[in-house]
Amino acid sequence: AQPALLLDLNALQPSNGGCRLTFVVSNGLPTPIDRAAFEMALFDKGGVVDRLTVLDFKDLPAGKTKVSRFDLSGTDCANVSRVLVNDATACTGAGTDATACLSSLKTESKSGVQFGR
């Protein structure tokens, strides 16, 4: 198997007038990532892009799994049908190829919402 950066959209939960997205992130790459940020597109139930936002996962040590949460104010979790990784806006670290965050990205979803690239 190829080394991969795995993003699992683990849960969506209502939170303070918005929606909390919980991700489980595993860096299976041979090098640590000092900063990983992804532009995400959230689609509504009609398949229309509701919003574009950048989620900054910060540092992702090699061989480590961590949980990251993001609160998106003004987003109704019940109306989110799909989340798409549109681009990697940051992918830095000693020995890390700037394209690795996107080229080695694998996605999965345990949230019931479609998640992919």
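Starting from the Cα-Cα distance between residue 2 and residue 117, subtract it from 0.36 nm times their residue separation and give me the gain in nm to one decimal. Mind dumping the intermediate values first?
Details: separation 115, 0.36 × 115 = 41.40 nm, distance 1.75 nm.
Separation in residues times 0.36 nm, less the Cα-Cα distance, equals 39.7 nm.
The sum of -39500 (n - 2.57) across all DSSP H runs of n ≥ 4, divided by the residue count of the chain, sets its helix-only mean residue ellipticity at 222 nm to -500 deg cm²/dmol. Shown here: the chain, whose C-alpha atoms stretch 40, 24, 23 Å along the first, second and third principal axes, sorted largest to smallest. For the range 67-116, taking the reciprocal of the average inverse distance between every pair of different Cα atoms yields a Kirkwood hydrodynamic radius of 13.2 Å. Share of carbon and sulfur in the accessible area of the chain stands at 48%, probe radius 1.4 Å. Per residue, the range 48-117 exposes 56 Å² of accessible surface when a 1.4 Å probe is rolled over the protein heavy atoms with every protein chain present.
Ligands, DNA and RNA excluded, the heavy atoms of residue 85 present near 10 Å² of accessible surface to a 1.4 Å solvent probe.
Note on residue 58: lysines with a C-alpha under 20 Å away, same-chain residues under 8 apart excluded, are 66, 106.
The values are calculated or read from the model by the stated rules, or taken from the named source; none is laboratory data. The shown structure was predicted, so the numbers you read here are calculated from the model rather than taken from an experiment. These accessible areas exclude ligands, DNA and RNA; they are computed on the full protein's heavy atoms, side chains included. Shrake-Rupley method; radii C 1.70, N 1.55, O 1.52, S 1.80 Å.
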